[in-house]
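Notes for the one structure printed next.
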Ligand code: GAR
């Protein structure tokens, strides 16, 4: 199975996927490239250090969405690579409908909450501040509506009384690194 990773920042989940392809956990999976909407994303360096094509693609506007023109460029690029799967691993932009339609059923997203709870930004912080006893992470198919497509896998993380936001974030991220690899294993 051939996949493209989309990432906007740190890239620890991209790293987990790449590592799993290197150590044999993702046997027949190949990462074709990593695409970022942020020219300074450490994720780009993680990919290029691993010998993987790392591409910055201009989102052509500020805010949560790609511009329509940018989305058309993204579609053209992705089509030229013919991936089986597009993995949004910390990609912080909402993809327009025509992108989702072009790759329907082939885009998955990682989200740091037990969806349908805490859709949108700062999910871990909001769950922590709400005094939840459990939070977690979800891998789901991407649909036109934000954080709402069919759920593929979830992993829960208990929130301890002794947790700070930082300690909780660390455990959710560790759970994400495991979950994203398991979800790709399942789909391959
Ligand atoms: C991850 O926690 C991921 O769940 C979140 O961004 C982080 C990226 O971390 N994604 C979203 O919030 C999407 N709505 P990373 O760059 O270290 O992989």
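No lab work stands behind these numbers, since they all come straight from the coordinates. Fair warning: this is a prediction, and the values are worked out from it, not measured in the lab. Quick reminder, even Gly has a Cβ in these numbers, built from the backbone with ideal geometry, and neighbours come from all protein chains shown.
Worth pointing out:
- Theoretical ellipticity at 222 nm over the chain - DSSP helices of four or more residues, -39500 (n - 2.57) apiece, nearest 500: -11500 deg cm²/dmol
- Across the stretch 68-188, the relative contact order, built from alpha-carbon pairs under 8 Å that are at least six residues apart, equals 21 percent.
- For the peptides 121-131, 16-26, the ranking by mean Cβ contacts within 10 Å, running from highest to lowest, is 16-26, 121-131.
- Relative protection proxy for 158-169, 87-98, from highest mean packing down: 87-98, 158-169 (other beta-carbon atoms within 10 angstrom).
- Zone of residue 92's modelled label, taken as backbone nitrogen in the stretch 29-45 under 13 Å from a point 7 Å along Cα→Cβ: 37-43
- Cα-based shape type of the stretch 123-188, given that a ≥ b ≥ c are square roots of the gyration tensor eigenvalues and the cut on a/c is 1.5: oblate
- Of 49, 84, the sequence from fewest to most neighbouring Cβ atoms within 10 angstrom is 49, 84.
- Using a Förster distance of 22 Å, the FRET efficiency for residue 19-residue 126 (Cβ separation, nearest 0.05): 0.15
- Considering only the stretch 20-156, percent of DSSP beta bridges that pair antiparallel, nearest 5: 55
- Distance between the 7 Å Cα→Cβ label points at residue 53 and residue 133: 5.0 nm.
- Net lengthening on full extension, residue 170/residue 64 (0.36 nm per residue, minus Cα-Cα): 35.7 nm
- For the stretch 8-142: rounded, prolate or oblate by the Cα gyration tensor [a/c cutoff 1.5]: oblate
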